[in-house]
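Asker: Structure provided below as structure tokens; questions to follow.
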Amino acid sequence: MSQTPAPSPMKQMALDIGLAPVSTLNNFVAAGNEAALEHLRLWAGNALRSPVPTFIWGEGGSGKSHLLRGVREALREQDSRVGWMDASTLHPPEYDEHWDAVLLDDCHLYTAEQQATAFNWFVNAQNPSHGPARWVLAAADRPPADLRLREDLRTRLGWGHVFQLHALGEAERRSVLRRAADERGVFLSDEVMDFMLTRFARDLSSLMLLLEQLDGYALRTQRAITIPLIKSMLENE
């Protein structure tokens with residue numbers, strides 16, 4: 001007697017429709033991470049900034065990169081210049097004395113060259129030859145003590161303020177998604193919510209982008225948001 005083959009595991013769909021909205025400190029959902037957000041807001045909004053470095057860590061999807069980009073955006077609005085490096089910065093530039101801050105994202109993924117540059121940036125920012133010390137804000141997926149980096153860089157990353165970020169739980173994601181949909185005047189059935197949370201990237205930024213794209217597509221096609229509409233959007237956009 002033949003057996004029915006087991007269903008294949010559900011694959012997560014990649015969201016590649018349109019450009020993601022700019023990450024700011026104002027559109028970061030802080031549930032469970034209020035202390036870290038308040039710390040960054042106070043620092044970014046203060047002309048007399050403390051030079052004590054800050055390190056934030058947490059699992060993927062907890063919002064580390066969103067916060068660093070949000071700080072970068074806040075500083076740019078004040079015409080401040082920043083040095084930025086993440087894992088995709090293959091050949092980072094030399095330290096620039098005109099930077100007002102140094103932002104280091106994805107520290108756990110740094111190559112030997114990136115680690116050497118990060119150390120150089122850190123030392124120059126904290127002990128500049130001209131003017132006051134600059135702030136260093138860094139992020140990784142684990143606390144400084146667990147980073148597999150060169151020791152002189154690892155110890156420096158951990159000597160200032162350290163905040164752990166917590167990713168939103170299932171209920172919190174649903175609540176935030178529901179509230180965002182309500183604010184747009186969009187109805188999401190439980191079936192649609194389940195589909196969005198199981199078939200797409202689960203970090204909040206991706207879910208908010210998906211909701212924005214769904215809302216626009218539903219308006220253009222004059223249809224309610226349903227699972228067939230989501231599939232149609234993915235096929236046609």
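Asker: Kindly establish whether ALA139 is in the same structural domain as ASP106 (by TED's automatic domain parsing), under 19 Å from ASN27 (Cβ atoms) and crowded, with 17+ Cβ neighbours inside 10 Å.
Answerer: yes
Asker: State whether one or more residues within the stretch 85-95 are closer than 14 Å to VAL52 by Cα, in contact with a helix residue (DSSP H, G or I) (Cβ under 9 Å, 6 or more places away or on another chain), modelled with pLDDT under 95 and not assigned by TED's automatic domain parsing to the domain that holds MET193.
Answerer: no
Asker: May I pose another question? Of all residues in the stretch 96-113, which are in contact with a helix residue (DSSP H, G or I) (Cβ under 8 Å, 6 or more places away or on another chain) and among the aliphatic types (A, V, I, L, M)?
Answerer: Passing the criteria: ALA101, VAL102, LEU103, LEU104.
Asker: Looking at (1) over 21 Å from the mean Cα position of the chain (by Cα); (2) over 23 Å from ALA36 (Cα atoms); (3) loosely packed, with under 15 Cβ neighbours inside 10 Å, which one does LEU90 not meet, given that it meets all the others?
Answerer: (1)
Asker: In this structure, does SER232 turn out to be crowded, with 19+ Cβ neighbours inside 10 Å and hydroxyl-bearing (Ser, Thr, Tyr)?
Answerer: no
Asker: Against the condition over 22 Å from LEU25 (Cβ atoms), in a helix (DSSP H, G or I) and among the aromatic types (Phe, Trp, Tyr), how does PHE119 come out, does it pass?
Answerer: yes
Asker: State whether one or more residues within the stretch 23-33 are at pLDDT 95 or above and either outside any loop (DSSP other than H, G, I, E, B) or aliphatic (A, V, I, L, M) (or both).
Answerer: No: zero hits.
Asker: Just to verify a result, which residue in the stretch 155-168, among those that are farther than 20 Å from SER65 by Cβ and surrounded by fewer than 18 Cβ atoms within 10 Å (Cβ to Cβ), is modelled with the lowest pLDDT?
Answerer: Ranking the qualifying residues of the stretch 155-168, first place goes to TRP159.
Asker: Only one of these is within 21 Å of GLU34 (Cβ to Cβ) and in contact with a helix residue (DSSP H, G or I) (Cβ under 8 Å, 6 or more places away or on another chain): MET208, MET196, MET233. Name it.
Answerer: Of the residues listed, the single one that is within 21 Å of GLU34 (Cβ to Cβ) and in contact with a helix residue (DSSP H, G or I) (Cβ under 8 Å, 6 or more places away or on another chain) is MET208.
Asker: Here is a further query. Suppose we filter the stretch 29-72 for residues that are over 13 Å from the mean Cα position of the chain (by Cα), aromatic (Phe, Trp, Tyr) and crowded, with 21+ Cβ neighbours inside 10 Å; how many remain?
Answerer: Counting residues in the stretch 29-72 that are over 13 Å from the mean Cα position of the chain (by Cα), aromatic (Phe, Trp, Tyr) and crowded, with 21+ Cβ neighbours inside 10 Å gives 1.
Asker: Any residue in the stretch 111-121 that is farther than 17 Å from LEU90 by Cα and either touching a residue at least 40 places away in the same chain (Cβ under 8 Å) or surrounded by 22 or more Cβ atoms within 10 Å (Cβ to Cβ) (or both)?
Answerer: There is no residue in the stretch 111-121 that is farther than 17 Å from LEU90 by Cα and either touching a residue at least 40 places away in the same chain (Cβ under 8 Å) or surrounded by 22 or more Cβ atoms within 10 Å (Cβ to Cβ) (or both).
The values are calculated or read from the model by the stated rules, or taken from the named source; none is laboratory data. Computed from a prediction, not measured in an experiment: that's the story for all the values here. Quick reminder, even Gly has a Cβ in these numbers, built from the backbone with ideal geometry, and neighbours come from all protein chains shown.
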